[in-house]
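See structure below.
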Amino acid sequence: MSVSSAPFTADEIAAEGIKPEEYADIVQRLGRHPNKAELGMFGVMWSEHCCYKNSRPLLKQFPTEGDRVLVGPGENAGVVDLGNGLHLAFKIESHNHPSAVEPFQGAATGVGGILRDIFTMGARPIAILNSLRFGSLEDARTRRLFSGVVAGISHYGNCVGVPTIGGEVYFDPAYSGNPLVNAMALGLMETEEIVKSGARGIGNPVLYVGSTTGRDGMGGASFASAELSDASMDDRPAVQVGDPFLEKSLIEACLEAFKTGAVVAAQDMGAAGLTCSTSEMAAKGGVGIELDLDKIPVRETGMVPYEYLLSESQERMLFVAEKGREQELIDIFERWGLHAVVAGSVIAEPIVRILFQGAIAAEVPATALADNTPIYHRELLSEPPDYAQKAWAWTPESLPDCTATGIEAQGKFLTWNEVLLQLLATPSIASKQWVYRQYDHQVQNNTVIMPGGADAAVIRIRPVDDLSPLPSSLSPGVAATVDCNARYVYLHPYEGAKVAVAEAARNLSCVGAEPLAVTDNLNFGSPENEIGYWQLAEACRGLSEACTAFSTPVTGGNVSLYNETLDADGKPQPIYPTPVVGMVGLIPDLTKICGQGWQAAGDLIYLLGVPLNAESSPAVTLGGSEYLAAIQGVIAGQPPVVDFALERRVQAVCREGIRHGWVRSAHDSAEGGVAIAIAESCISGNLGATLTFPVSTTRLDHLLFAEGGARIIVSIARSHQLQWEAYLQTHLDTAWQALGMVSSHADGLSITINHSAIKVEIDTLSDRWKGAIESYLAD
């Protein structure tokens with residue numbers, strides 16, 4: 001049967017995101033041409049967003065097993081064992097393209113979707129984090145997108161009653177046309193058994209529960225798998241509309257239903273809606289599903305099978321129930337004011353059969369849609385692309401000479417005080433209080449450290465009921481973080497990805513948490529571009545190596561490709577490759593944690609990691625640094641090279657120091673280097689610091705603002721000095737340094753290096769840091 005005889009034009013096939021060779025594959029699998037509904041089903045399920053056809057071969061290298069891993073990749077969320085009968089579900093997902101077109105609803109429904117992934121497993125959502133990327137705040141469109149996304153996240157999270165406890169926000173022109181909105185959620189298992197998605201039990205009823213189906217979100221999965229262009233602004237029907245109050249009812253109804261034991265399997269209707277939920281449940285169970293669209297509750301009239309099957313209306317789920325117990329479940333949902341209908345059944349033949357008005361509207365093998373999908377093994381560049389090699393050729397010698405008082409920067413002389421203040425006011429470093437003050441981060445009353453107070457979010461873990469009370473001596477918690485320095489990944493995907501994992505683990509260690517596991521969100525450009533694929537492949541290699549080194553297996557995540565904007569000439573402009581690492585850690589005792597702010601004047605300040613006067617090392621560099629980009633206007637160099645052995649030692653020492661009660665504050669040195677980390681600890685603690693950096697022949701800007709080196713800035717009570725230093729000598733050898741002491745607020749921040757000095761009042765530091773983002777949004 002020739003493709004040329006297809007009942008669709010080439011443009012109609014392409015409009016579904018299907019390539020000519022893929023259409024030929026569909027015809028071969030079906031033994032006939034598909035109808036319109038079936039073509040749409042293949043279009044969404046064979047999109048990169050759903051089937052990972054370009055990335056799946058790369059994901060296989062990730063470590064996915066560990067002593068604490070209960071559920072790994074392949075289900076709605078990963079689940080890890082926290083001990084004492086407590087199980088944590090967590091996952092991260094993207095909603096990038098919808099947020100670029102309609103920022104409020106795009107971001108809001110991104111939050112709703114990730115929450116459904118959590119409670120579909122039988123877990124009660126307890127926390128949300130987000131990782132956001134935008135263009136320059138000097139651009140009016142960026143300010144609109146930024147404001148809309150933050151409003152959407154706060155609206156949905158606040159209304160549904162789940163605290164938004166942490167995250168990250170970066171600004172770079174690379175994201176001006178294509179913002180990134182990645183949402184991560186955590187949940188505590190509330191059911192005895194983890195709810196899986198594989199259908200089973202021939203003859204078991206299939207229940208549709210939740211909200212009604214409409215035309216919103218049509219083809220959202222395909223929309224998420226294509227570049228953004230001016231025409232994308234007309235694609236608002238591909239953006240879903242959420243109802244957080246309905247989702248709150250759905251959470252309670254689902255958890256109540258799961259506890260009855262009458263639910264065999266459950267799947268949320270996210271990307272690709274009914275098509276995805278029916279095909280994935282059938283394929284995972286090795287069975288088939290027959291679904292009657294006439295039974296589906298709708299909110300619009302005149303809908304046809306294509307629209308039913310591709311709708312991404314929110315707050316909907318599909319259940320397989322125990323036969324004979326369907327009414328028990330229906331009664332629960334109706335009590336919560338939600339729809340619940342028997343819409344189909346599990347069948348033996350492994351197909352998805354869709355009925356409409358008494359006839360078969362679609363009939364497709366389940367595996368053809370869900371797991372036996374196209375896979376592209378692309379050829380990797382034999383050597384790094386020209387842009388990377390050119391960037392790697394950069395050396396600090398090309399920078400202006402440092403003087404005792406300052407440095408020339410883009411035609412203007414800046415004192416070291418001015419450099420520090422300018423970096424603090426850089427939006428990617430500056431306080432994000434404008435963002436997190438819009439979020440309810442205290443609902444549920446389990447948030448232990450408020451946003452902005454530490455390197456990772458910390459939340460109390462309490463049993464969900466009286467069936468599994470914790471011993472009175474235990475007060476466990478969970479820490480969570482999201483991390484990625486995308487400029488590093490752009491400059492060196494392999495090393496940059498390793499840094500993302502190392503920093504996530506370091507952030508958890510800075511609050512006293514033991515890193516457990518990872519969920520990742522791979523945000524990249526087109527894999528069909530050889531440079532784009534090289535970036536993706538190399539970053540996956542780095543992630544795999546780093547997750548193995550830190551014993552933090554990957555339990556799941558999300559791949560978001562084609563994050564590109566077509567310019568006026570139709571040329572794609574990709575984002576920086578951004579593999580966001582979401583990591584969770586266990587805190588055995590919440591009385592043994594710390595934040596990033598100094599605690600008391602007189603405390604001693606130490607640097608853990610590569611000392612400031614160490615010989616030149618690839619672990620510490622100005623390459624790819626915030627200083628180089630923001631102050632000198634240069635995007636070049638190689639990012640820091642991760643020393644896994646040193647990272648593990650430093651992080652272990654930090655955690656032990658916190659648990660012994662020695663470490664009173666801990667803050668990792670990241671963007672902006674040691675000087676920025678120290679300044680942020682001053683601001684958070686509202687105290688000063690007096691430090692003397694060692695005499696060195698190293699450039700002053702390198703001493704102050706170089707990044708990397710597994711570095712953590714900690715403060716210790718003077719009464720613990722001898723114990724602490726003996727411990728450091730034993731476990732870190734020379735990889736530590738005493739820098740100075742915490743001083744009063746009135747003393748300000750004072751850093752002396754050779755004959756140079758930084759001297760700034762705390763209020764000045766705080767004003768520049770806290771007011772930077774608000775200053776762009778004041779109009």
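The values are calculated or read from the model by the stated rules, or taken from the named source; none is laboratory data. Source: prediction; values computed, not measured. A quick note on method: Cβ atoms are made from the backbone with ideal geometry, for glycine too, and the neighbour counts reach across all protein chains shown. Remember, those area values only see protein heavy atoms, side chains included, never the ligands or the DNA or RNA. Shrake-Rupley method; radii C 1.70, N 1.55, O 1.52, S 1.80 Å.
On the stretch given as the range 433-465, residues that are part of a loop (DSSP other than H, G, I, E, B) and either surrounded by fewer than 18 Cβ atoms within 10 Å (Cβ to Cβ) or out of contact with any Phe, Trp or Tyr (no Cβ under 9 Å at 6 or more places or on another chain) (or both) total 20. Within the range 224-238, is there a residue that is acidic (Asp, Glu), at pLDDT 85 or above and under 25 Å from the mean Cα position of the chain (by Cα)? No: the range 224-238 contains no residue that is acidic (Asp, Glu), at pLDDT 85 or above and under 25 Å from the mean Cα position of the chain (by Cα).
In the range 258-270, the residues that are under 15 Å from Lys323 (Cα atoms) and open to solvent by 10 Å² or more (accessible area, probe 1.4 Å) form Cβ pairs under 7 Å with partners that are among the acidic types (Asp, Glu) and at pLDDT 95 or above, at six or more places apart or across chains, as follows: Thr260/Glu328; Val264/Glu322.
The requirement of being touching a His at 6+ places or on another chain (Cβ under 6 Å), at pLDDT below 95 and either closer than 23 Å to Val162 by Cβ or in a helix (DSSP H, G or I) (or both) is fulfilled nowhere in the range 259-268; no residue meets it.
With the requirement that a residue be under 28 Å from Gly110 (Cβ atoms) and either among the polar types (S, T, N, Q) or touching a Phe, Trp or Tyr at 6+ places or on another chain (Cβ under 6 Å) (or both), what does the range 319-353 give you? Matches in the range 319-353: Ala340, Val341, Ala343.
When Gly135, Gly167, Gly161, Gly152 are checked against the criterion of being of a type in the set (Gly, Ala, Ser) and under 13 Å from the mean Cα position of the chain (by Cα), Gly167 stands alone in meeting it. Restricting attention to the range 752-770, the residues that are within 16 Å of Leu423 (Cα to Cα) and surrounded by 17 or more Cβ atoms within 10 Å (Cβ to Cβ) add up to 8. When you scan the range 272-327, how many residues do you find that are within 20 Å of Pro98 (Cβ to Cβ) and among the basic types (Lys, Arg)? Qualifying residue count, the range 272-327: 2. Scanning the range 629-666 for residues that are closer than 30 Å to Phe413 by Cβ and either free of Cβ contacts under 8 Å to residues at least 40 places away in the same chain or outside any helix (DSSP H, G or I) (or both) yields Gln632, Gly633, Val634, Ile635, Ala636, Gly637, Gln638, Pro639, Pro640.
Out of Leu58, Leu82, one residue alone is open to solvent by 10 Å² or more (accessible area, probe 1.4 Å), under 30 Å from Glu514 (Cβ atoms), touching a residue at least 40 places away in the same chain (Cβ under 8 Å) and in a helix (DSSP H, G or I). It is Leu58.
Evaluating Thr275 against the criteria (1) under 25 Å from the mean Cα position of the chain (by Cα); (2) in a helix (DSSP H, G or I) leaves one unmet condition, (1).
Residue by residue, here is whether (1) more than 20 Å from the chain's Cα centre (by Cα); (2) open to solvent by 30 Å² or more (accessible area, probe 1.4 Å); (3) farther than 16 Å from Glu280 by Cα holds:
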{"site": "Lys19", "(1), (2), (3)": "yes, yes, yes"}
{"site": "Ile26", "(1), (2), (3)": "yes, no, yes"}
{"site": "Gly31", "(1), (2), (3)": "yes, yes, yes"}
{"site": "Leu39", "(1), (2), (3)": "yes, no, yes"}
{"site": "Ser47", "(1), (2), (3)": "yes, no, no"}
{"site": "Gly66", "(1), (2), (3)": "yes, yes, yes"}
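Summed over the range 509-562, residues that are polar (S, T, N, Q), within 15 Å of the chain's Cα centre (by Cα) and closer than 15 Å to Tyr52 by Cα total 4.
Can you find a residue that is open to solvent by 10 Å² or more (accessible area, probe 1.4 Å), β-branched (Val, Ile, Thr) and at pLDDT 95 or above anywhere in the range 510-527? Checked against the condition, which is being open to solvent by 10 Å² or more (accessible area, probe 1.4 Å), β-branched (Val, Ile, Thr) and at pLDDT 95 or above, the range 510-527 yields no hits at all. On the stretch given as the range 42-61, residues that are out of contact with any Pro (no Cβ under 8 Å at 6 or more places or on another chain) and of a type in the set (A, V, I, L, M, F, W, C) total 4. Every residue in the range 576-614 that is touching a Leu at 6+ places or on another chain (Cβ under 7 Å), within 30 Å of Ser544 (Cβ to Cβ) and open to solvent by 10 Å² or more (accessible area, probe 1.4 Å), please. Leu586 - this is the single residue of the range 576-614 that is touching a Leu at 6+ places or on another chain (Cβ under 7 Å), within 30 Å of Ser544 (Cβ to Cβ) and open to solvent by 10 Å² or more (accessible area, probe 1.4 Å).
Quick grid of which residues meet (1) under 25 Å from the mean Cα position of the chain (by Cα); (2) surrounded by fewer than 24 Cβ atoms within 10 Å (Cβ to Cβ); (3) charged (D, E, K, R):
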{"site": "Gln632", "(1), (2), (3)": "no, yes, no"}
{"site": "Ile635", "(1), (2), (3)": "yes, yes, no"}
{"site": "Arg649", "(1), (2), (3)": "no, yes, yes"}
{"site": "Val674", "(1), (2), (3)": "no, no, no"}
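Might you let me know whether the range 550-564 holds any residue that is free of Cβ contacts under 8 Å to residues at least 24 places away in the same chain and either aliphatic (A, V, I, L, M) or open to solvent by less than 10 Å² (accessible area, probe 1.4 Å) (or both)? Checked the range 550-564: no residue is free of Cβ contacts under 8 Å to residues at least 24 places away in the same chain and either aliphatic (A, V, I, L, M) or open to solvent by less than 10 Å² (accessible area, probe 1.4 Å) (or both).
The condition of being touching a Gly at 6+ places or on another chain (Cβ under 9 Å), surrounded by fewer than 22 Cβ atoms within 10 Å (Cβ to Cβ) and not small (Gly, Ala, Ser) holds for only one of Arg699, Arg711, Arg659, that being Arg659. With respect to (1) farther than 20 Å from Pro98 by Cβ; (2) of a type outside the set (Phe, Trp, Tyr); (3) touching a His at 6+ places or on another chain (Cβ under 8 Å), the lone exception for Thr164 is condition (1). Is it true that some residue in the range 404-425 is touching a Gly at 6+ places or on another chain (Cβ under 6 Å), assigned to a loop (DSSP other than H, G, I, E, B) and either modelled with pLDDT under 95 or surrounded by fewer than 19 Cβ atoms within 10 Å (Cβ to Cβ) (or both)? Checked the range 404-425: at least one residue is touching a Gly at 6+ places or on another chain (Cβ under 6 Å), assigned to a loop (DSSP other than H, G, I, E, B) and either modelled with pLDDT under 95 or surrounded by fewer than 19 Cβ atoms within 10 Å (Cβ to Cβ) (or both).
Here's the yes/no breakdown for (1) closer than 29 Å to Glu528 by Cβ; (2) of a type outside the set (Lys, Arg); (3) modelled with pLDDT under 95:
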{"position": "Glu307", "(1), (2), (3)": "no, yes, yes"}
{"position": "Ile332", "(1), (2), (3)": "no, yes, no"}
{"position": "Glu349", "(1), (2), (3)": "no, yes, no"}
{"position": "Ile375", "(1), (2), (3)": "yes, yes, yes"}
{"position": "Ala391", "(1), (2), (3)": "yes, yes, no"}
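Within the range 720-742, if we keep just the residues that are over 29 Å from Trp434 (Cβ atoms) and in contact with a Ser or Thr (Cβ under 8 Å, 6 or more places away or on another chain), the residue that is surrounded by the most Cβ atoms within 10 Å (Cβ to Cβ) turns out to be Leu739. Where residues in the range 284-298 are open to solvent by 20 Å² or more (accessible area, probe 1.4 Å) and assigned to a helix (DSSP H, G or I), which of them is nearest to Val320 (Cα to Cα)? Selected residue: Gly285.
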